[in-house]
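Down below is the structure, laid out as structure tokens.
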Amino acid sequence: MHAAHERITYERLKTAQAGEGIRRVPLLVPIGVAVSEREAEFVEASAEALAELGLAIDRSGPQSILIREVPALLEGVDARKLALDVIADLMEHGRSRRVEEHRNRLLATMACHASVRARRRLSVPEMNALLRDMEATERSGQCNHGRPTWTQLSLAELDRLFLRGR
């Protein structure tokens, strides 16, 4: 379920960014994060690149930042971890054309953080919604990392799993 939800979220983020841009929602209470001075300077200089990814982050001190908005599709995600991961990726690849080349990788990171996690029990309506979304999503047979989102078993293989006929 994580792999399928991750692919669906990733494709929605890509579509949103290519279209009207990623819609953001303000956090009720901005999140303060302690960072290095280099990271704080980077955030201050990269506000536009972060905004394109649906994040509104301001420098609030020599070694601190404030996360004010996150992508609407990722509402409820761990905004602190998401922001730090995105900042690290952007810093690693610079502010050149490489940022554009790695945008999809960043969107994949964002989608991964927002996807349902293992051991979470989905309700029947949630399971059905996930399956309907898979039917409507391009490349839904694999997550962004290449893991399959489903597998097919023959009736004989299924019987062997449950030791039927033995």
Report task. Would you check if Gly141 is out of contact with any Pro (no Cβ under 9 Å at 6 or more places or on another chain) and modelled with pLDDT of 85 or more? Result -> no
Query raised in the report: Considering region 1-44 alone, what residues qualify as being more than 20 Å from Thr109 (Cβ to Cβ) and crowded, with 17+ Cβ neighbours inside 10 Å?
Result: Pro30, Ala40
Report summary line: Scanning region 36-50 for residues that are in contact with a strand residue (DSSP E or B) (Cβ under 9 Å, 6 or more places away or on another chain), within 15 Å of Arg24 (Cα to Cα) and touching a residue at least 12 places away in the same chain (Cβ under 8 Å) gives Leu50
Query raised in the report: Do we find a residue being surrounded by 17 or more Cβ atoms within 10 Å (Cβ to Cβ) and either at pLDDT 85 or above or among the small types (Gly, Ala, Ser) (or both) anywhere in region 117-130?
Result: no
**Report entry** Subset of region 144-156 (residues that are assigned to a loop (DSSP other than H, G, I, E, B), surrounded by 10 or more Cβ atoms within 10 Å (Cβ to Cβ) and modelled with pLDDT of 85 or more)
**Finding:** Thr149, Trp150, Leu153
Query raised in the report: Which condition does Arg164 not pass, out of (1) more than 20 Å from the chain's Cα centre (by Cα); (2) at pLDDT 85 or above; (3) over 14 Å from Met1 (Cα atoms), if it passes all the others?
Result: (2)
**Report entry** Ala47 being of a type in the set (Gly, Ala, Ser), over 30 Å from Gly141 (Cβ atoms) and buried (at least 20 other Cβ atoms within 10 Å of the Cβ)
**Finding:** no
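The values are calculated or read from the model by the stated rules, or taken from the named source; none is laboratory data. Since the model is a prediction, treat every value here as computed from it, not as a measurement. Counting neighbours? That spans all protein chains shown, and the Cβs are built from the backbone with ideal geometry, glycine included.
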